[in-house]
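None of the figures in this text is laboratory data; all of them are computed from the coordinates on show. For clarity, every value in this text was computed on a predicted model and none was experimentally measured. Here the Cβ positions follow ideal geometry from the backbone for every residue, glycine too, while neighbour counts run over all protein chains shown.
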């Protein structure tokens, strides 16, 4: 049992039946009597495994199926096909023993009672999740300190800022110390410092409890800072599974080596550098070369030999750029396939 | 399933009920003006429930064989049922319908308890229980005025039909809630139910033909108000008692099955 993955999916599918009509009054009236339905595949034959204690980020464009997958794994939605196991349970059974060991935090929905202080919802959750009073007090004190909540938990939720509310949502979700934590856009709409605070808190929770984390976020910094592994989902299908480094190297295989320079190189020097890689910036102030990773040591040595060179940097492409390029490529492949289909 | 597990589950659900009621009461207490206004409205509503009786007393001596104080007794049971509906069923069903529509039902479903229990305790209007308390007082007064001294058997029958009436009421609420998984904008159903509940103000013998059948077996207002009154007066036979139990069982089991199916179709509004 100990070796069993925390999460395992085999060909998981979720289809939604969605009504559609043309805009305008007449189509609206007609739809009252005769409605057209289309079947939309939100998740299609999704298969992967996540080991206990792993930190995994779901990435994908809007509507890719990330949130639907999280909801399937938390047992909120009933799958249309395939199989999912979380901690050895079928999530769709929603067994109390299963629900007591997981939590789902959604950045755009709230569980806290709007008119009451967060403490009242915490107390409700204590009862619902059967957390002994002493343990509850200890966890609450620990989390309020980590999140620097102080008296915030005693104010009605409606008076809290978005960041304070999300911190309290996290406390409410974690009071029963779940072993698997699903986080759906936990930092959405927050300023940078609040994002950082929440990120640090999640990291600390993982460190202390060894929980399995599955995170979706539109902020690549969240994913880069928290997740050692990423799953890229597009149109409900898995299109990448690996580390951020692997993804970056697959989409943007070249590494950028850059230095700060005080004057532009002469033509001969530039031509010599072009033998080593692609000149991306010719400065001043910066001279940058995109090169094959194997040639980095050689290029570093050559660039450091440039008169007045300083502030050497070797970087992968930023994750945002990589993701943009990945989805642009996939979109262009789809368009190509459609064009071919039309033409046939 | 072991007896121990079932006992634990029952204890957990009772604690959930207590915690939810506490939370709803706290929410009601949060707005002072709203709280007192609700109190005044609750009181006025209770008094309003007795008005039809005054009219009945003034204009005729009996209704479908029910004398004035027998009608008062029936009204007492109507107030008890109506108060429970307004305090527990209607607010919980309305709240849960909103949660189904907006997708916030997610958090209820994530609790390690029966989701139906979570929905049925989602909101509570404590002031509406004034109506139920008024009903209890009215029943006691009417019983005294009628000079009734019910036997143990009659009190047992009363307990059975009262439980059946309350269960039927909850089952109807569950059916409304289940329907809202398919059609999102069904808040009006709870108002329709409230209006229909007005029929429970009168003895079921007032109605004839299909309407009587409907109010006995489909929307069993007879079980909710007429039968409890009859059980005290002495006019409740075995056939009616068994009919009440059968109808309640069918409604409760049917509502539970339909709820289970509806829940599988929950789509959770997109975040």
* Structure fact -> To the nearest 10 degrees, the tilt of helix B:90-102 (Cα long axis) against the first principal axis of the alpha carbons of chain B is 30 degrees
* Asked: With each run of n ≥ 4 DSSP H residues scored as -39500 (n - 2.57), what mean residue ellipticity at 222 nm is computed for chain B after dividing by its residue count and rounding to the nearest 500 deg cm²/dmol?
  -> -24000 deg cm²/dmol
* **Relative contact order [Cα under 8 Å, 6+ residues apart], region A:253-315, whole percent** => 49 percent
* By how many degrees, 0 to 90 and rounded to 10, does the Cα axis of helix B:129-145 deviate from the longest principal axis of chain B? -> 20 degrees
* **Neighbouring partner chain Cβ atoms per residue of B:101-109, average, 10 Å criterion** => 5
* Structure fact -> For region A:1-148, shape from the Cα gyration tensor axes a ≥ b ≥ c, cut at a/c of 1.5 then a/b versus b/c, turns out oblate
* Starting from the Cα of residue A:298, step 7 Å toward the Cβ, then list every residue of region A:216-253 with an amide N under 19 Å from that point. => A:253
* chain A - mean residue ellipticity at 222 nm from DSSP helices (-39,500 (n - 2.57) per run, n ≥ 4, rounded to 500) -> -12000 deg cm²/dmol
* **Antiparallel bridge percentage (DSSP; both residues within the protein assembly as shown; nearest 5)** => 70 percent
* Structure fact -> Row for region A:76-135, column shape: gyration tensor on C-alpha, a ≥ b ≥ c, rounded if a/c < 1.5 i.e. under 1.5, prolate if a/b over b/c, else oblate; value oblate
* Asked: What is the order of B:227, B:107, fewest Cβ neighbours within 10 Å to most?
  -> B:107, B:227
* Which of B:130, B:140, B:100 moves most in a GNM of chain B, Cα contacts under 10 Å? -> B:140
* From other protein chains only, count the Cβ atoms within 10 Å of every residue's Cβ in A:66-74, then give the mean. => 2
* Asked: What is the distance, in nm, between label points placed 7 Å from the Cα along the Cα-to-Cβ direction at residue A:83 and at residue A:274?
  -> 5.9 nm
* Asked: Using the count of nearby Cβ atoms within 10 Å as a rough guide to exposure, how do B:240, A:49 rank from fewest to most?
  -> A:49, B:240
* To do: For a footprinting-style exposure proxy, rank B:267, B:252 by other Cβ within 10 Å, fewest first.
  => B:252, B:267
* **Rounded to whole Å, sorted largest first: equivalent-ellipsoid semi-axes of region B:139-235, Cα gyration tensor** => 30, 14, 12
* **Length-normalised contact order for region A:66-180 - Cα pairs under 8 Å, 6+ apart - percent** => 31 percent
* To do: State the Cα centre-to-centre distance between region A:165-195 and region B:120-175 in whole Å.
  => 45 Å
* So if we plug the beta-carbon distance of residue B:145 and residue B:62 into 1/(1 + (r/R0)^6) with R0 = 22 Å, what FRET efficiency do we get, rounded to 0.05? -> 0.90
* Structure fact -> Note on chain A: alpha-carbon gyration tensor, axes a ≥ b ≥ c; rule is a/c under 1.5 for rounded, else prolate if a/b larger than b/c, else oblate; result oblate
* To do: Return the percentage of antiparallel bridges among DSSP beta bridges fully within region A:7-248, rounded to the nearest 5 %.
  => 55 percent
* **Förster radius 35 Å - calculated FRET efficiency between residue A:209 and residue B:98, Cβ distance, rounded to 0.05** => 0.55
* GNM top mover of A:273, A:112, A:247 - chain A, alpha-carbon springs below 10 Å -> A:273
* Taking chain B as a Gaussian network, Cα atoms linked when under 10 Å apart, which of B:179, B:144, B:86 shows the biggest mean-square fluctuation? -> B:144
* Structure fact -> The relative contact order of region B:18-264, taking Cα pairs under 8 Å that sit 6 or more residues apart, comes to a percentage of 26 percent
* Structure fact -> Across B:110-117, the residue-averaged tally of Cβ atoms belonging to other chains within 10 Å stands at 6
* **Paramagnetic reach from residue A:108 (point 7 Å along Cα→Cβ, amide N under 16 Å) across region A:162-176** => none
* Asked: To the nearest 10 degrees, how steep is helix A:118-128 against the longest Cα principal axis of chain A, on a 0 to 90 scale?
  -> 70 degrees
